[in-house]
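Below is one structure, written out as structure tokens, with a few remarks after it.
The values are calculated or read from the model by the stated rules, or taken from the named source; none is laboratory data. Just so it is clear, the model here is predicted, and its values are computed rather than measured. A quick note on method: Cβ atoms are made from the backbone with ideal geometry, for glycine too, and the neighbour counts reach across all protein chains shown.
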Amino acid sequence: MTLAGTMPGGPAEAAGLIKNDVITAINDFGIVDIYDFMDALGVFKDGQTVIVHFIRAEQEMTMELTFFPRPVEISTLPASPGCRLILASEI
């Protein structure tokens, strides 16, 4: 699965993954498409470290990636009348 990019400040960027890296596996989960990728992500928890297998510039590579909560950007959240937004820091 080819990365279209990474979220600024997210785990993939922190680990050093970049646009056009082709992820082939996360730990023992083979990754062929977005569905495999999403299934694999659902297994891991924040704080867990995994080995990401990927191809960059025709070279097979591995790196460690540690999952952590993704930052929430208030401007991207949908607004709903009558709803109170709860920030992650309030939880």
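So the values come out like this:
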quantity	calculated
Selection from the range 52-67 of residues that are surrounded by fewer than 16 Cβ atoms within 10 Å (Cβ to Cβ) and more than 11 Å from the chain's Cα centre (by Cα)	I55, R56, A57, E58, Q59, E60, M61, T62, M63, E64
Residue pairs meeting the criteria (Cβ under 6 Å; at least 6 apart or on separate chains; first touching a residue at least 60 places away in the same chain (Cβ under 8 Å), in the range 6-22; second loosely packed, with under 14 Cβ neighbours inside 10 Å and of a type outside the set (S, T, Y))	G9/P71; G10/R70
Selection within the range 1-47 - touching a helix residue (DSSP H, G or I) at 6+ places or on another chain (Cβ under 7 Å), closer than 15 Å to F68 by Cα and either modelled with pLDDT of 90 or more or among the polar types (S, T, N, Q) (or both)	T6
Residue tally, condition aliphatic (A, V, I, L, M) and surrounded by 16 or more Cβ atoms within 10 Å (Cβ to Cβ), over the range 21-50	6
Residue ID - farthest from D28 (Cα to Cα), chosen from residues in the range 38-51 that are within 11 Å of the chain's Cα centre (by Cα) and among the hydrophobic types (A, V, I, L, M, F, W, C)	M38
Matching residues, the range 1-45, being β-branched (V, I, T) and part of a loop (DSSP other than H, G, I, E, B)	T6, I18, I31, V32, V43
